[in-house]
Amino acid sequence: MMLLRYLSQIGRYFLMLKDMFNRPVKWSVMKQLILKEVDDLIIDSLGIVCFISFFVGGVVAIQTALNLTNPLIPRYLIGFATRQSVILEFAPTFISIIMAGKMGSFITSSIGTMRVTEQIDALEVMGVNSLNYLVFPKIVALLLYPFVIGIAMFLGIFGGYLAGVYGGFTTETEFVNGIQVEFIPFHITYAFIKTLVFAFILATIPSFHGYYMKGGALEVGKASTVSFVWTSVVIILMNYILTQILLS
């Protein structure tokens, strides 16, 4: 029975994606909705992303330095390990899971509240495609999500540089050399491909849980928790699948 329920929910999710493109809202209205979502989802997330990226980059550099106890191991590996950790996993995946909590709960609770207060029913009565009105602007706004991850990459490496150099673990020349050594440009492409997939997941799964929730104010909180769990699970699964496809 549980398997059937999960399959039913997955089917409903893909039907939601299909219905989202029916009867699109006129562009003059959609433009305002997209700009509002960019402000709510992208601009409002920059602060916490910058803060976490900077300090986690510093922690990666310090932990790498403290584990390089053998004097034969070159110190430039601190910069190398910081770059690889931040670009490949920390910035795209770790930040996306944090955003599943911040963005995801915001999306689910805002749409869920509209469901509880019957605002979605009012939109349908007025002949507006509520899925197109509520979900589509979020997907378009999150096309800017790679911009956020790009900032996270830069600040993570910069935080590692400051922690490594000014903490006395390595020299500036060694750290910069470590950042440059054996650099593979495709790793950046791989990170941004993952980021776009995660952006789509961040926009649609929380919207799904908010749109189809039933009950009152208490259920809005429960839906936010469930949406965070499932968004995180799907992000981790897609991370594994994309890594297997793109890097193996």
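A few notes on this one:
- Mean accessible surface per residue for region 1-70, computed with a 1.4 Å probe while every protein chain stays in place, in Å²: 67 Å²
- Cβ-derived FRET efficiency at R0 51 Å, LYS214 paired with ILE73, nearest 0.05: 0.30
- Loop-exposed chymotrypsin sites (Phe, Trp or Tyr not before Pro) per DSSP, neighbour cap 14 Cβ within 10 angstrom, longest uninterrupted part of the chain: 22-182
- Theoretical gain in end-to-end length, LEU17 to PHE147 [0.36 nm per residue, Cα-Cα removed]: 44.4 nm
- Put simply, the C-alpha atoms of region 104-183 give a gyration tensor, and the ellipsoid matching it has half-axes of 49, 14, 6 Å, longest first.
- Between 0 and 90 degrees, the angle of helix 2-19 with respect to the longest Cα principal axis of the chain falls at about 80 degrees.
- What separates the Cα centres of region 176-226 and region 117-153 is a distance of 15 Å.
- Crossing angle, helix 145-166 versus the chain [Cα axis fit, 0-90 degrees, rounded to tens]: 30 degrees
- Taking the inverse of the mean 1/r over every pair of distinct Cα atoms in the chain gives a Kirkwood hydrodynamic radius of 19.7 Å.
- As a calculated quantity, the FRET efficiency between VAL125 and SER8 at R0 = 25 Å, using C-beta atoms, amounts to about 0.40.
- Per-residue [θ]222 nm for the chain (sum of -39500 (n - 2.57) over DSSP H runs n ≥ 4, rounded to 500): -25000 deg cm²/dmol
- Per residue accessible area of region 87-171, 1.4 Å probe, in Å²: 38 Å²
- Per residue, region 208-248 exposes 58 Å² of solvent-accessible protein surface, assessed with a 1.4 angstrom probe and all protein chains in place.
- Applying both filters, DSSP loop and at most 15 other Cβ atoms within 10 Å, to the trypsin sites (Lys or Arg not before Pro) of region 137-226 gives LYS214.
- Student exercise, region 20-113 dipole from Lys, Arg, Asp, Glu Cβ charges, in Debye to nearest 20: 200 debye
- Accessible area, probe 1.4 Å, largest first, for residues GLU89, GLU172: GLU172, GLU89
- For region 1-146, a Kirkwood hydrodynamic radius built from all Cα pairs, placed in the Stokes-Einstein relation at 10 °C and 1.306 mPa s, yields a translational diffusion coefficient of 85 µm²/s.
- Here the chain exposes an accessible surface that is 71 percent carbon and sulfur, computed with a 1.4 Å probe and the other protein chains kept in place.
- Cα centroid separation, region 1-25 to region 59-101: 39 Å.
- For the chain, the longest principal axis of the C-alpha atoms and the axis of helix 27-37 are separated by about 50°.
The values are calculated or read from the model by the stated rules, or taken from the named source; none is laboratory data. Bear in mind that the values here come from a model prediction, so they are computed numbers and not experimental data. Note: ideal-geometry Cβ built from the backbone for every residue, glycine included; neighbour counts use all protein chains shown. The accessibility values were calculated without ligands, DNA or RNA, using every heavy atom of the protein model including side chains. Shrake-Rupley method; radii C 1.70, N 1.55, O 1.52, S 1.80 Å.
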